[in-house]
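One structure below.
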Amino acid sequence: MATEQTERRLTSRVLKVWKKIAAKGFPKRSQIDPVDFGADWPQCLMIDIDAEPGRSRFSYVGNALRDSTWPTFDRQRISECLEGSLLALVTRHVQRVVETSKPVSFAGSAVHDDNDILYRTILLPLSETGHHVDGVLAAVGYREVSETTEVPLSDMLPGRVSEHRTINQQ
């Protein structure tokens, strides 16, 4: 089942697939099939949660989200993300997903591959037991900011989250 492209926002499309897989609980990591997410999969990532949050590790990082300053992808810890990078901004909200057991969505500005961007992300809980959150699936949509037509990022606080919400899982 390829992701329907009728929904404009990547985060909404990924949430829709996650809900279908989740049914009434949380999906297991083994239920996450890249084919289900279609063309959106390169903008997704997965994290295996550790009891010590900084030791949680990326189990997958889509090509569109990879940090060019990192060596070849090798299950890096989330604490190893470059400060201020897109991945660092996304992963600082992982603990909220673990604590609330609910999806979290937010947006803001960042720098990715040396370009100023505006981004929107969603973090979705995963669970091997169906109850305890032990993984996170996230999707990040972003676009470069044009200096002549957009609000200058220098007018915004670095890493400022302009929108943040917890989504009810229904």
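Values in this text are rule-based calculations from the coordinates and carry no lab data. Given the structure is predicted, the values throughout are model-derived calculations rather than measurements. Neighbour counts run over all protein chains shown; Cβ positions are idealised from the backbone, glycine included.
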Virtual spin-label span in nm between SER12 and ARG143, 7 Å along Cα→Cβ: 1.4
Nonlocal amide H pairs with ILE49, under 5 Å, H built at 1.01 Å: GLY135, VAL136
Virtual spin-label span in nm between THR129 and ASP50, 7 Å along Cα→Cβ: 2.0
Ranked by how many other beta carbons lie within 10 Å on average, peptides 132-142, 49-59 from highest: 132-142, 49-59
